[in-house]
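The values are calculated or read from the model by the stated rules, or taken from the named source; none is laboratory data. On a predicted model such as this, the values are computed, not experimentally measured, just so you know. Note that we place each Cβ from the backbone using ideal geometry, even for glycine, and neighbour counts take in every protein chain shown. Calculation scope for accessible area: heavy atoms of the full protein, side chains included, ligands and nucleic acids excluded. Shrake-Rupley method; radii C 1.70, N 1.55, O 1.52, S 1.80 Å.
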Amino acid sequence: MLPEILRDNVRLLGEILGENIRRHEDPAIYEKVEEIRALAKSLLEDKTKDSKPLVQLLTSLNDAEILPIVRAFNQFLNLANIADMQYFSSAYAQEDDRLEALIENLIAEQGVDSLKKVVNDLCIELVLTAHPTEVARRTLIQKYEKISEALSDLHRDDLLRFEKDKLEGRLRRLIEEVWNTDEIRSQRPSAVDEAKWGFAVIENSLWEAVPNFIRHLDRLFKKHTGEGLPLNLQPFKFYSWMGGDRDGNPNVTSDVTERVILLGRWMAADLYLKDIISLGAELSMHDASDELLAQLDDKETSTPYRDYLHKLRSRLETTRKWIQQKLVNPRVLSTPEIIQQKEELLQPLMLIFRSLKACDFTYVANGPVSDTIRRIHAFGVNLVPLDIRQDGERHVFLLEELTQYLDLGSYLEWDEEKRQTFLLDQLQSKRPLLPQEWPASDDAKEVLRTCKIIAQQPRETLSHYVISMAQQPSDVLAVALLLKESGVKWKMPIVPLFETLDDLDRAPKVMNQLWQNHWYRDYIKTEDEDASLRKQSQTVMIGYSDSAKDAGKLAATWAQYKAQEKLVSLAEQHDVSLVLFHGRGGTVGRGGGPVEKAMASQPPGSVKGRIRVTEQGEMIRYKFGLPRVAFNSLSTYAIATITATVDPAPAPRQEWRDAMETLSKVSLEAYRSVVRGHKDFVPYFRSLTPEQELGKLALGSRPAKRKATGGVESLRAIPWVFAWAQVRLNLPGWLGTGQALDYALENMPDTLHEMKTEWPFFVAYLELLEMVVGKADLEVCTHYERQLVDPAYQGLGQDLRAQLAKLENTLNEIQGQEKLLDNNILLQKTLNVRKPYIDPLNYLQAELLRRDRSTEDILPELEQALKVTMAGISAGMRNTG
């Protein structure tokens, strides 16, 4: 059984949805929905029953019935997700206790000084990225958030009868609005639209959650150490790729990047202005310090704080107005009144804070004034400084054009040593390399325009330059040269992203060469005013998505672990402060999974209080969409990071390493023999899954493929995972693993047992694998194959399903259980609740795909229904790509 409160919430929301279907649709539609649901539920209760009656009922639906029925099942799954979020938000109230217990244990085991160092050094960088398969419309996301809030309020135990009635009425109104709103966007969002969505998450949730969490941490710190935390503590920093990630996305141009930066500055100025206006109303006291009074013309004023805030309020209003003008007319010039740095916001507020403390207004000082100061430290002048991401190949082609034009030779044909020599010579030369005018291609001009935008923007609005598909040291040096030639005066951190299996294996060698280079060591040196504090600092990004697509999940996971381990060791040898940047997606096939499991399975020494992680699309919504949920997510990140820092997992024993090397090779061979080696794989994939139909959805601004041409190899990892999840095979998360685990059971059972009981890395891997397999459904996948796949290719499908069925048995044997997820009963029950709603969507999707592919002109309402099935299945599986 589900927990009572979760079960009651699911039932309540389902009943209200049913009422809306009865009121707004033909009564026969509601009856059909109930009939379908009852049949699907009976299959869950008795697994010996045949699914044919359900399939026959679904395929017999007339065209007019399909869309409202699909919408009904889709919306139930969305409402079930809301009930989940609300339940776990309440259930995780014990996070407070866990964080305090962690602090108590740390003091007991390592002392107060150790706690102070760990907390003061804590730096968790969360990078918000757009999601190419985020299917929900923003207007519906906002309504879902309001439903969650109403649901939460409904469970307060101090409600008066009229208040409870009012909340239930609000739920009914919101669900009625949802039912009568189209689920699917009619237009693809632009990169600017995606960035605005990211700003909205901060405004609606993180703006409150971040200072609330730091205040909570400060309270616990005072309780156990007698001291408060520094006001400039920044345990969390937020960054964004929305508007900065141009890797394979021609829609993200230099103009888009500039516009997104301006919009972020406008939103920040607007939010800070609201804070300042509120502070002006609250700080009504007449006592102030001499330091503050010295800043005022009227020293006798009865409202010194309000008077002092007036200038900052005026500057924020001027900044906001200037940005509005700049967005219309890029030639508008800045003035000294325009806020460019967070220090311009901090200085007056810190003066107010000191004055309040001097006048013994301690509680006032530690209230909203402190909250605003902490927001400034977390969000800066544009809420989320932008990372710029570009494919390394684009820089190579630009330099090829340039060297050819200057008669220097062919950069493309030079070996790595010659490229490095050329780049380092130019980096140390005082002469410009770029001609004022030269016949550069459009692609080259765009790369240079982006670099010039970086040079023109306030430094605090930008963060890192990430190089996709980085392969050699010259890839990093090339970016440094282009930034220099474009007029960038500061040392923008350059982050190589190692993605494929070969790149991960090569990563330590690449970084070793860079860290041995004197010029580069000087480039990565921090810019502390105190020279004695300066040291080399480097961020390296580990790609989870493409490595898993390239090599299979098990081989990729082990390659990622080894690469991180070697990078940590090398960084220590070169005295470089290393930050590992984890490019994780929402799904297990793309490196996703629970934060604490992921952190606990990191190589020892790889965290050290600091970590950088991407948060994508729908996972941003699930983790940070509501203030209370966001608070819990921040707490989870803090607990996981502190734990991984002070109590890292031990290094694996040599026999475990040897075992993983062997299992990785077995898995890699099995994975690639199918994905690369089987002649039927590509046609099977394209006929079984809705990969080609994804183009019908107005998804994110980024195309599904890195290049317009090319086959599966050019398909991005996100739609690759999305397509397999739709047909419930979840192939990217498990293919190749079954052969490896069978080999281990037969040849190294004792070592396997040790690994699965004593090694957190392997324990986490098995648990995530079990979740992936548990979400798959062989019968549903078989139905897709019968409906859509040429009999000539069906032999491959039968083999894949046999592999998955065998893997399920293998997992149960290893875990010592009768069926999957016996050790995760809540997830098991949650999936069972959703199954009677997901299965009908799958069967209908297969039917709609069959119709769509058999006719050139499918009815608009059926095409809409197909899109809704994609949204509903991804909502039901709780991940898209």
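The GluC sites (Glu not before Pro) of region 436-511 that meet both conditions, a loop assignment by DSSP and at most 16 other Cβ atoms within 10 Å of the site Cβ, are 437.
As a ratio to 2.2 N^0.38 Å, the alpha-carbon radius of gyration for region 766-844 is 1.21. Accessible area of residue 112 (1.4 Å probe, protein heavy atoms only, ligands and nucleic acids ignored): about 50 Å². Hydrodynamic radius of region 635-700 by the Kirkwood approach over all distinct alpha-carbon pairs: 16.6 Å.
Placing a label point 7 Å from the Cα of residue 88 along the Cα-to-Cβ line, the residues of region 788-824 whose backbone N sits under 18 Å from it are 821-824. For the chain, the dipole from Cβ point charges (+1 on Lys and Arg, -1 on Asp and Glu) about the Cα centre works out to 1060 debye, to the nearest 20. Working from Cα pairs under 8 Å separated by at least six residues, relative contact order for the chain is 18 percent. Would you work out the charge dipole size for region 1-105 about its Cα centre, treating the Cβ of every Lys and Arg as +1 and the Cβ of every Asp and Glu as -1, and quote it to the nearest 20 debye? So the magnitude is around 500 debye.
In straight-distance terms, cross-link reach from residue 418 covers every one of the lysines whose alpha-carbon lies under 27 Å from its own, apart from those fewer than eight places away in the same chain; here that gives 430, 445, 452, 484, 489, 491, 509, 525, 566. As I understand it, the dipole of region 165-240 uses +1 on the Cβ of Lys and Arg and -1 on the Cβ of Asp and Glu, about the Cα centre. Which of 240, 210, 221 lies farthest toward its positive end? Looking along the dipole axis, the top candidate is 221.
When both bridge partners sit in the chain, DSSP labels roughly 5% of those beta bridges antiparallel. Of all aspartates and glutamates in the structure, the ones whose alpha carbon falls short of 15 Å from that of residue 535, not counting any fewer than 8 places away in one chain, are 522, 527, 572, 575. A DSSP coil position with no more than 12 other Cβ atoms inside 10 Å describes none of the GluC sites (Glu not before Pro) in region 114-180.
Multiplying each eigenvalue of the alpha-carbon gyration tensor of region 352-471 by 5 and taking the square root yields semi-axes of 47, 14, 14 Å, largest first, rounded to whole angstroms.
Using only alpha-carbon positions in region 293-360, the gyration tensor eigenvalues give semi-axes of 30, 13, 8 Å once each is multiplied by 5 and square-rooted (largest first). Placing a pseudo-label 7 Å from each Cα along the Cα-to-Cβ vector at residue 63 and residue 290 gives an inter-label distance of 8.6 nm.
Taken per residue, the accessible surface of region 273-405 reaches 47 Å², heavy atoms only and a 1.4 Å probe. Note that region 9-55 presents 57 Å² accessible area per residue, ligands and nucleic acids not counted, probe 1.4 Å.
Can you send over the carbon and sulfur percentage of the accessible area for the chain, probe radius 1.4 Å, protein chains only?
In the chain, the share of accessible area belonging to carbon and sulfur is 48 percent.
Taking the Cα atoms of region 539-632, the ratio Rg/Rh between the radius of gyration and the Kirkwood radius comes to 1.00. Compactness check for region 156-286: Cα Rg over 2.2 N^0.38 Å is 1.50.
The largest accessible area among 374, 657, 449 belongs to the first residue in 449, 657, 374, and the rest follow in falling order (1.4 Å probe, all chains).
Centre-to-centre, using Cα atoms only, region 246-272 and region 307-354 are separated by 19 Å. Solvent exposure of residue 417, expressed as accessible area, is near 140 Å², computed with a probe of 1.4 Å over the protein chains only. Computed about the Cα centre, the dipole magnitude for region 167-247 is approximately 380 debye when only Lys and Arg (+1) and Asp and Glu (-1) carry charge, each at its Cβ. Here region 13-65 and region 453-504 have alpha carbon centers that stand 54 Å from each other. Percent of Cα-Cα pairs more than 41 Å apart in the chain, please. Looking at the chain, the distances longer than 41 Å represent 39 percent of pairs. Shown here for region 818-851: trypsin sites (Lys or Arg not before Pro) in loop regions (DSSP other than H, G, I, E, B) with at most 15 other Cβ atoms within 10 Å, namely 819.
The label-point distance for residue 437 and residue 679, in a model that sets each label 7 Å from Cα toward Cβ, rounds to 5.8 nm. Cross-link partners for residue 47 among the lysines, with Cα-Cα distance under 24 Å and sequence neighbours closer than 8 places in the same chain left out: 32, 775, 806, 819, 829, 835.
With the helix formula -39500 (n - 2.57) applied to DSSP H stretches of n ≥ 4, the chain reaches a computed 222 nm mean residue ellipticity of -20500 deg cm²/dmol.
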